[in-house]
Amino acid sequence: MISNCQSLLLLSVAGLFTCGCNMTFHIRIQSDPLKRPAVTRPGEVAMGELNDSRAVADKSQIGIARNGFGVETGTVKIKDNAKLESIIAESVVAALKEAGYRVVSPDDPIGKGLRHRLEGEVTEFWIDGSGWNLWNKVTLVLRLRDSDTGVVMWEREFKGQEDTPNAIGIWQASQQSVREALAIALNAAVVEFTSDEFHSKATARK
């Protein structure tokens, strides 16, 4: 026979597993400091558009918040209504500069003299997890496109993922996971930017 007190306790525990609080956590998208490459490359690179092509209805949302039991409690969104594509584009520019390049617009005089422009898209950027860990997955696709013909001359995919203990708190874990996962993807891009193939194509003139 279950007493009234026991029934209330069972209902309370069940509520912890089933209820959602519908909270919104706003975090800033930024990367950990990038690693200095072994070599750097001189020259200019024309930076074109970078788009958010994730299959999500709300582009401001970058993940799901869960409590210690793994139950969904709300959403994770970008702080200050910033655009993900703008933030990632700035991060790619920083990676190019780390590799030694001077970044220019395709429309300025120097950019118009370059044969190719760098563009790309964010195909994945999502925070999720369980009662124990929270992870952020990042996938960037970057390509060099011929400015006159539109033909893609070079294309690479860069991925990053980082698992962070959920015990430190959703907001803190989300921030840490984003910084580390984004840095993994960008550091891989820096290495590729210093390759002979990328350098010769990115700095080629008309």
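The values are calculated or read from the model by the stated rules, or taken from the named source; none is laboratory data. From a predicted model like this one, the values you see are computed outputs, not experimental measurements. In this analysis, Cβ positions are derived from the backbone assuming ideal geometry, glycine residues included, and neighbour counts consider all displayed protein chains.
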Out of the residues in segment 153-206 meeting the condition of being among the hydroxyl-bearing types (Ser, Thr, Tyr) and more than 19 Å from Ala94 (Cα to Cα), tell me which one is surrounded by the most Cβ atoms within 10 Å (Cβ to Cβ).
Ser177
Of the residues in segment 79-112, those that are in contact (Cβ under 8 Å) with a residue 40 or more places away in the chain and in contact with a strand residue (DSSP E or B) (Cβ under 6 Å, 6 or more places away or on another chain) number 13
Taking the stated definitions as given, is Ser31 surrounded by fewer than 10 Cβ atoms within 10 Å (Cβ to Cβ) and either assigned to a helix (DSSP H, G or I) or at pLDDT 80 or above (or both)?
no
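Results for (1) out of contact with any Ser or Thr (no Cβ under 8 Å at 6 or more places or on another chain); (2) over 30 Å from Gly150 (Cβ atoms), shown as yes or no for each residue.
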residue: His26; (1), (2): yes, yes
residue: Ala38; (1), (2): no, yes
residue: Arg54; (1), (2): no, no
residue: Ala65; (1), (2): no, yes
residue: Gly68; (1), (2): yes, yes
Segment 50-108, residues that are in a helix (DSSP H, G or I) and among the charged types (D, E, K, R)
Lys79, Asp80, Glu85, Glu90, Lys97, Glu98
With (1) farther than 30 Å from Pro109 by Cα; (2) touching a strand residue (DSSP E or B) at 6+ places or on another chain (Cβ under 9 Å) as the list, and Leu144 as the residue in question, which single condition is left unmet?
(1)
Within segment 95-110, the count of residues that are of a type in the set (A, V, I, L, M) and surrounded by fewer than 16 Cβ atoms within 10 Å (Cβ to Cβ) comes to 1
So Ser195, is it closer than 19 Å to Leu34 by Cβ and small (Gly, Ala, Ser):
yes
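To keep it simple, each residue is scored yes or no on (1) within 30 Å of Ile27 (Cα to Cα); (2) assigned to a strand (DSSP E or B); (3) in contact with a Ser or Thr (Cβ under 7 Å, 6 or more places away or on another chain).
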position: Ile110; (1), (2), (3): no, no, no
position: Glu119; (1), (2), (3): yes, yes, no
position: Phe125; (1), (2), (3): yes, yes, no
position: Asp128; (1), (2), (3): yes, yes, no
position: Lys137; (1), (2), (3): yes, yes, no
position: Arg145; (1), (2), (3): no, yes, no
position: Asp148; (1), (2), (3): no, no, no
position: Met153; (1), (2), (3): no, yes, no
